[in-house]
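Every read-out reported here was derived from the displayed coordinates using simple, explicitly stated rules and does not represent laboratory data. Since we're looking at a predicted model, the values are computed, not measured. Cβ placement follows ideal geometry from the backbone for every residue including glycine, while neighbour counts extend to all protein chains displayed.
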Amino acid sequence: MTFDATRLGVPVTMASAAGTPAEGQPFSVTSRAVYAFWGLAKLSEPSLRKALAAQLVGGKQVADVRIRVRSKLSDIIITGLTLGLVVPRAVTIEGVVVDK
């Protein structure tokens, strides 16, 4: 899965300088990614732009971005019941929205 922050239209940093955490409003957005045929084909993939659209109003910037991809229990059950034909994943994007 590839996340491209260059098309967001605002500055994005993955980490702040050591010892100085970013100050602003923290956010956490969870989206779903769904694959087919044991993960070989993409059915749906989360969009970083859509996930952060509400937080980026007013020319702000995003700092300390962290992206986690994991399988929840329900994802594992669905994958098992479909014998891997449908493979869902939970994608959580966390960070801090900072005013310029």
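Computing FRET efficiency as 1/(1 + (r/R0)^6) for residue 90 and residue 37, where r is the C-beta to C-beta distance and R0 is 22 Å, gives about 0.65.
Proximity of backbone amide H atoms, modeled 1.01 Å from N, is registered between residue 43 and 34, 35, 36 at under 5 Å, excluding neighbours fewer than 5 places apart on the same chain. Applied to segment 40-45, the Karplus parametrisation 6.51 cos²θ - 1.76 cosθ + 1.60 on θ = phi - 60° returns per-residue 3J(HN,Hα) values of 7, 10, 8, 9, 8, 9 Hz, with x for Gly and Pro.
Each of residue 44 and residue 78 was given a label point 7 Å from its Cα along the Cα-to-Cβ line. The distance between the two points is 0.8 nm. The relative contact order of the chain comes to 40 percent, based on Cα pairs under 8 Å that sit 6 or more residues apart. Ordered by the number of other Cβ atoms lying within 10 Å of each residue's own Cβ, fewest first, 77, 67 fall into the sequence 77, 67. Based on the Kirkwood approach, the hydrodynamic radius assigned to segment 5-98 is 14.7 Å, with every pair of different Cα atoms included. Going by neighbour counts of Cβ atoms within 10 Å, the residues 37, 27 line up, fewest first, as 37, 27. Number of Lys-Lys pairs in the chain with C-alpha atoms under 25 Å apart and a separation of 8 or more places or on different chains: 6.
Given R0 = 22 Å, the distance between the Cβ atoms of residue 27 and residue 70 translates into a calculated FRET efficiency of 0.75.
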